[in-house]
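To keep things clear, I will list the structure first and then write my remarks on it.
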Amino acid sequence: MSVTPTPTERNPMKTLLCYGDSNTHGTSPLLPDGSWHRYGPETRWPRRLASLLGPDWHVIEEGLPGRTTCHDNPFDGPHKNGLRHLPVALECHAPLDLFAVMLGTNDLKAYFGLTPFDIAKGIRTLLTMVQQRAPGRDGKPPALLVISPVPIDEVGAWGESLAGGAAKSRRLADYLAEVAEEFGALFFDAGSVAQASPVDGVHLSEEAHLAIADGLAKLLRK
């Protein structure tokens, strides 16, 4: 499936909204002392993707650490619920040519008790909202891209809170591929080109960000 939107004369650039969590935000692996930083724009995969796609694309980063697909976090607050914020993001950045979502990692936290099937349902809920609100050009839905997050490992600072999540994360891509097919969306498995850092088992290294950007650029150029 190729992404070939027809831009308007007033806005000839193709707009891509990247909706995700800390691995879209650019959060570095969490060190044992609790410290972390945000990677610079030149490293974060959405900005790297923008540079690879060139001047015809406007790539928007919409990453929030801790964001779930559609669940209120009982400890970090309801603003982490991806479904709650999605209408705002869509209206702020419309018209969109392509909506990309990479969520599901935070849904693996043990206190949610979700299965890979449940997490895929969360992604389905988000895509349904995108289609219903139709924030594309001429009041139509944009093209869709489902990105399956890299599998996690239960190590480091996040190990206990993600107990049982490693095995679930390795089954998630198959479920998300089915959701993508259902919606006629593009699909990319980030785990096919990158892995979580061994430091905390969740976040991406600089090299992983670059690998994901390169893989997505190849997909979108097809």
Test for residue 167: is it under 30 Å from residue 33 (Cα atoms) and not in a loop (DSSP other than H, G, I, E, B): yes
Only listed residue being loosely packed, with under 13 Cβ neighbours inside 10 Å, at pLDDT below 95, under 17 Å from residue 109 (Cβ atoms) and not polar (S, T, N, Q), chosen from 77, 34: 77
Total residues in the stretch 106-126, condition on the phi > 0 side of the Ramachandran plot and crowded, with 20+ Cβ neighbours inside 10 Å: 0
Residue within the stretch 40-62 that is within 19 Å of residue 133 (Cβ to Cβ), buried (at least 21 other Cβ atoms within 10 Å of the Cβ) and not hydroxyl-bearing (Ser, Thr, Tyr) present: yes
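If the requirement is being in contact with a Pro (Cβ under 6 Å, 6 or more places away or on another chain) and modelled with pLDDT of 95 or more, which of these qualifies: 110, 94, 100, 89?
Only one candidate qualifies: 94.
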Within the stretch 122-137, tally of residues that are touching a residue at least 40 places away in the same chain (Cβ under 8 Å), assigned to a helix (DSSP H, G or I) and not hydrophobic (A, V, I, L, M, F, W, C): 6
Only one of 197, 192 that is modelled with pLDDT of 95 or more and closer than 21 Å to residue 218 by Cα: 192
Of residues in the stretch 188-208 being outside any loop (DSSP other than H, G, I, E, B) and more than 16 Å from the chain's Cα centre (by Cα), the one farthest from residue 32 (Cα to Cα): 207
Residues of the stretch 83-121 satisfying the condition of being farther than 20 Å from residue 152 by Cα and either out of contact with any strand residue (DSSP E or B) (no Cβ under 9 Å at 6 or more places or on another chain) or assigned to a helix (DSSP H, G or I) (or both): 83, 84, 85, 86, 87, 88, 89, 90, 91, 92, 93
Scan of the stretch 112-135 for residues that are within 18 Å of residue 21 (Cα to Cα) and hydroxyl-bearing (Ser, Thr, Tyr), ordered by number: 125
Selection from the stretch 31-60 of residues that are at positive phi and in contact with a helix residue (DSSP H, G or I) (Cβ under 8 Å, 6 or more places away or on another chain): 34
Hits in the stretch 122-164 (condition: among the small types (Gly, Ala, Ser), closer than 21 Å to residue 91 by Cβ and in contact with a Pro (Cβ under 8 Å, 6 or more places away or on another chain)): 134, 136, 143
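The values are calculated or read from the model by the stated rules, or taken from the named source; none is laboratory data. Everything quoted here is computed from the prediction, not taken from an experiment. Neighbour counts are summed over all protein chains in view; Cβ atoms, including those assigned to glycine, are modelled from backbone coordinates with ideal geometry.
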